[in-house]
Amino acid sequence: MRTALRALLAPALLLAGAAAAPAGEMESLESGDTLTGTIEAGVLEVVPVDAAEGTLLDVDLRMPAGSGADFDLLNPDRTLHEGAEDLVVKDSKGASAKAKKIVLEQSGTHFLRLRPAAPGTYSLKIKLKPLTKGSWEGFVAGDPPTLFTFGGVPGALLTAKLSAAKKSTLAPRISFLRGPSGEDVPLDGATHKATTKYDQYSNVSLPDLGTYTLAISTQTSTLGDYGVLSLKLKFPKVKAEKVEDDDLLVDPFVDSVDPAQGFDNLPYASIAVTGDFFTPGAAVRIEGEGGTVAASATTRYNDQILGFDIDLAGAAAGSYDLVVTVPSGGEGRIPGGFAVRPTPIPTGITPTLGFDNGSHPFTVTGSRFQAGMAVAVRPSGGGSTVGGIVGAVTDTSASVSLPLLNAPLGTFDVIVTNPDGGTRTLPAALTVDAGPRISGMTPLLGHDNDAARSVAVTGVAFETGLVAALWKDGQADVPGVVTNLTSTSFTATFDLRSKESGIWTLRAANTDGGTVNSSFPFVVARAPRVASLSLTRGFQGETAAGVVVTGSDMVPTAQANLEQAGIPTVLGTGETVGGGGTTLTMDLSFVGAPVGAQDLRVTNPDGGSEVLPGAMAILGRRSAASGVTVAGRPAVGYNPEDGEYLVAYTVESAGQKDVRAQRFSATTGAPLGSVIEITSLSGDASSTESQSDPAVSYSAADDVWLVVYAWADPEAESNPVGIRSQFVNRNGTLNSTQESALVLFNGSAGTVGRPRVAWNPERTEWLVVWAWDRSSAPDIYHAVVEVQDFGGYISAGIVSSGKLIETTHTASTPGGSATIPDIDDQPDVAYSSGTDEYLVAYELDVVEVGSGGGDIPPDSGKDVRARFFDDDFTAGPVARGSVTNLGDVNAKDETNPSLAYDPASNRFLVAWEYGGAAGNRDVRGYLVDATSRARVGSSVTTLEQTSSEDAASPAVSFDPAPSTGGWRVAHAVGAGASGSSRIALARLPVTTGSSGLGTPAWKDIVPAATGASYTEPCLLFRGTGSEFLAGWRTAGTGLDPLEVLLSR
């Protein structure tokens, strides 16, 4: 079909923009043409007419009589031309409708709509009559130029002339001509004439239909002036033709689509499309880079509305054009008018098993997930949807908490929905099973020192293999040990030691993953912390006030008690908490309390408690030998392997004496086993034997005790005196019979006494020393004893024996001079591991000679001497160094020496009695250095506490405790001639250098008691925690029993 000439708008010369462009390109009916065709029932016949704004349109429509011929006119923007209806003239037969000089209001394609009352054939003829001239007069600006608009059609020839107005100084200039497309129309091919009075272009060919813009200005001034613009258009003449309606192509207009998007997994029905010129048979499709998808069904409601169905399942996501086609071949579209939205694609959920006991976390995986997406589940067989709370989302995963409490058991679909509405379902992806539930817990309180806090839990759906734990944010889980498990109950035991205080949650989990967090908060509270107790020893029958517990986290009304094996033994009274919970002060009563180590427990009001093991010990004075009379000083030794003391003592009855022994616990002071009868001959009324003055020592190398003692039988035919010994096994039994006691020494006459023993661990042998008085001048004798093993039977072997110390002096006599024997008596001995030597201390009394000759009794000036001996007695005793004089020569008597050894300083302490008659006695001491074999210091040290009391019977021991140890001297203390009434302990620190002993401190270890006198103590520190055992003889109570005390 030939290209139509467009009519031209007479120059309106508007100072505004161009007219709107048509919706699409199409063929149009041209001026003078006659269109014939048939209008079908229900079909709107549309005839396009291209024309410019201002053109005059004549229309002549003819149809058979009775057709009710009629038409209306749409502007290029498809609005109804309001003035055309008033110009239509219809004949009375309904066979024609005519209108003349319809002024077109827009440039572009106009649409004649033929609207007869009845279908039928028609003939339509139009004429377009453009106004060929136009003019304008007004002010012409210089810079920027003045703009004028007018309508034009392709092929029209334009003549434009700009002249100066009368009396105007304007030098006119046509600057440019711009077409509807926005591009300049070339002027160089046109005829151009220009003077100072006008500027003219002739025969300018217009290329397009639409609004043109002409720019005019001045050549001489930027200010401008008044001028006159004239426009003229000429058109070539065109021959009229007859056209059939099939030759016209009318594109439908597509204005909108609703909805304008869909998702790539869904079918959509009844999507509405609005526009115009939708003829019967119209079809819809979408097309884009993702391909083309045709509507599955299209419904034409009228010329302006279509409905269609489309299935987008599998369509590629992206932007699509919405396209409407009509049977005539016309086509309209909305570029990018429809979007296919991507939907999320869930591929899995983990875990795949959920439980009906609460909300549980899951992770959904897949692709095309968007921030803000929603996740829900729905029973696969139908039912209520359960929406989840979505957390972190990435393109391929989303975390979600699903509230499955009381959800039906079975299979669930997982539904994922993006914020734009795109949704997909993952069928049968999740299974909901019965989960454990907790309905009760007890207790709900524990403490951070509980090693095994048991919690009883009740509920349902507990399964074999269930595990339990306590959890708290920021803390490691506390695993529990599950016991007594049934489907409705279990017990969980937790180690809460050092766990952070606060609220914890109990979590129970079945082996299938079913987990429940208890709704009952479990509180871990701070337990009291117990660090120390100010009193570490108490005595049966006594009380202690103001005892202080130190620690932390003790609260007001906290209570304290002592206990053994968890059973309270002593309850604190008057507890007062101070120092912000760091101290607790209380009173304690030990009346009726059991002897032994005691634990301290502090309990807060909430039940939290802590135990300080072995915080103190309750000790008691024990009767070691009751119902008998004890004679002389007892002796004590220590077995470190079993933690036992052995106390040996002498009992007297009807003038006969025997040696007994008793084992005692080093922990509680309690006697162990029965009394050991070292000898038992005094029970025989016909016997004249007597055994007394025992000494005791333990061999860790041989696991036996050695007990030595003095023996006498005045009716013996020979050797009436001697030193005997017995081995005592660790369990308290004699290693041999009483009758087979080992004879260490037999004396032919006189008396023997004061045997003492020292153990040499290097040579695994003992050195035993004693005094033998044959004729009023005793000397010191010895025996070295070792254990001999005869295939399980042991016996004592004597390595060496004989005289050890004999002192004499030369005196003038009437007949010249003579060698006079002195008195060497009361020995004691100890071993130095630092020099492998023994030190023997003894008392010496020099015998004086009278003027008439012969001996006289010893004077009152007894002295204490000491002598070192090599520890190898294989070839007999070997003295080392010279005799050391420890006392004051020719002064008051110095008697009854006792000594002990400190291996760290390699020194000995020797202590002795000093003085004469009762009321004038004290205890003194000197350090002796084993390395130099000499006294340490320049003067003797007095060890008594007050000068107004007598001090006697010293017993020396060394306490090796690192910070609290030192020299210890137990001694009997009494008020003058009244006799000894208590046992005191002098405590002296370890000293170095040549300064001698330090200043002593004292305490009474056995307080005075009315009517009782405590005398002749023995003492031994065992080397652990400054603990010692003291034994003594109690006089003035009818019988004189033996008592012992374990203390610190």
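A short reminder: the numbers here are calculations on the coordinates, not readings from a lab. The structure displayed is predicted, hence computed values, not measured ones. As a convention, Cβ positions derive from the backbone with ideal geometry for all residues, glycine included, and neighbour counts pool all protein chains shown.
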Open item on the list: Rounded, prolate or oblate for segment 558-662? Axes are the square roots of the Cα gyration tensor eigenvalues, ordered a ≥ b ≥ c, and the cut-off for rounded is a/c under 1.5.
Closed with: prolate
Task: Hypothetical label at Thr191: residues of segment 130-167 whose amide nitrogen lies under 17 Å (7 Å Cα-Cβ projection) - done: 156-162
Task: Zone residues, segment 415-431, relative to Ser367, backbone N less than 20 Å from point 7 Å out along Cα-to-Cβ - done: 415-427
Open item on the list: Full-extension gain between Leu353 and Ser256, please, as 0.36 nm times their residue separation minus the C-alpha to C-alpha distance.
Closed with: 30.1 nm
Open item on the list: For segment 463-552, which chymotrypsin sites (Phe, Trp or Tyr not before Pro) pass both filters: DSSP loop (anything but H, G, I, E, B) and at most 10 other C-beta atoms within 10 Å?
Closed with: none
Task: Neighbour-count ranking [beta-carbon atoms within 10 angstrom, fewest first] of Thr667, Thr292 - done: Thr292, Thr667
Open item on the list: Can you give the local net charge around Asp70? Use residues other than it whose beta-carbon is closer than 9 angstrom to its beta-carbon, Lys and Arg +1, Asp and Glu -1.
Closed with: +1
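To the nearest 500 deg cm²/dmol, what mean residue ellipticity at 222 nm is calculated for the chain from DSSP H runs of n ≥ 4 alone, each contributing -39,500 (n - 2.57), summed and divided by the residues?
After summing the helix terms and dividing by the residues of the chain, the value is 0 deg cm²/dmol.
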Task: Highest-first arrangement of 195-205, 69-79, where packing means the average Cβ count within 10 Å - done: 69-79, 195-205
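Compute the length gained on full extension between Gln304 and Lys242: take 0.36 nm times their separation in residues and subtract their Cα-Cα distance, giving the result in nm to one decimal. Intermediate results must be reported in sequence, preceding the final value.
Values: separation 62, 0.36 × 62 = 22.32 nm, distance 2.97 nm.
Extending this stretch completely gives an extra 19.3 nm.
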Open item on the list: Check which residues have an amide H placed less than 5 Å from Val704's amide H, if you skip close sequence neighbours.
Closed with: Ser699
- [ ] Could you check the simple spin-label distance between Tyr226 and Asn517, using points 7 Å along Cα→Cβ, in nm with one decimal?
- [x] 9.1
- [ ] Assuming a ≥ b ≥ c are the square roots of the Cα gyration tensor eigenvalues, decide whether segment 125-268 counts as rounded (a/c under 1.5), prolate (otherwise, with a/b larger than b/c) or oblate.
- [x] oblate
TODO: Give me the distance in nm between label points sitting 7 Å out from Cα along the Cα-to-Cβ direction at Thr964 and Asn719, one decimal.
DONE: 4.9
- [ ] May I ask you to derive the relative contact order of the chain, considering only C-alpha pairs under 8 Å and at least 6 residues apart, and to give it as an integer percent?
- [x] 5
Open item on the list: Under 8 Å for C-alpha pairs, at least 6 residues apart: give me the relative contact order for segment 750-885, rounded to a whole percent.
Closed with: 18
Task: Given [x] -1.07, -1.22; [y] -0.55, -1.14; [z] -0.72, -1.03, the label whose value is log10 I(q)/I(0) by the Debye sum over Cα atoms at q = 0.06, 0.09 Å⁻¹ derived from this model - done: [z]
Task: Cut-off 18 Å, label 7 Å out along Cα→Cβ of Ala818, residues of segment 754-795 by amide N - done: 774-778
- [ ] Measure up Lys93/Lys129; Lys90/Lys125; Lys125/Lys242; Lys197/Lys234; Lys129/Lys234 against 19 Å on the Cα-Cα distance and list the ones that go over.
- [x] Lys93/Lys129; Lys197/Lys234
Open item on the list: Could you give the length gained by full extension between Ala65 and Val555, i.e. 0.36 nm per residue of separation minus their alpha carbon distance, to one decimal place?
Closed with: 164.7 nm
Open item on the list: Loop-only chymotrypsin sites (Phe, Trp or Tyr not before Pro) in segment 725-775, please: DSSP not H, G, I, E or B, and at most 16 other Cβ atoms within 10 Å.
Closed with: none
TODO: Would you please give the residues with an amide H less than 5 Å from that of Ser833, counting only those at least 5 places away or on a separate chain, with H modeled from the backbone geometry?
DONE: none
Open item on the list: If you restrict to DSSP beta bridges whose two residues both lie in the chain, what percentage is antiparallel, to the nearest 5?
Closed with: 95
- [ ] Indicate the gyration tensor shape class of segment 723-825 (rounded, prolate or oblate), computed on the Cα atoms with a ≥ b ≥ c the square roots of the eigenvalues: a/c under 1.5 is rounded; otherwise a/b larger than b/c is prolate and the rest oblate.
- [x] prolate
Open item on the list: Under 8 Å for C-alpha pairs, at least 6 residues apart: give me the relative contact order for segment 713-793, rounded to a whole percent.
Closed with: 22
Task: At R0 = 30 Å, FRET efficiency that the Cβ-Cβ distance of Val675 and Thr764 yields, to 0.05 - done: 0.55
- [ ] Give me the net charge of Val103's neighbourhood, meaning all other residues with Cβ under 13 Å from the Cβ of Val103; Lys, Arg count +1, Asp, Glu -1.
- [x] -2
- [ ] Please figure out what share of the DSSP beta bridges in segment 396-538 is antiparallel and state it in percent, rounded to the nearest 5.
- [x] 90
Task: Net charge dipole size for segment 169-215 [Lys, Arg +1 and Asp, Glu -1 on Cβ; Debye, nearest 20] - done: 280
Open item on the list: If R₀ is 25 angstrom, what is the calculated FRET efficiency for the pair Ser939 and Thr992, using the beta carbon separation as r and rounding to 0.05?
Closed with: 0.90
Task: Separation in nanometres of the label points that stand 7 Å from Cα toward Cβ, at Ala297 and Ser532 - done: 9.7
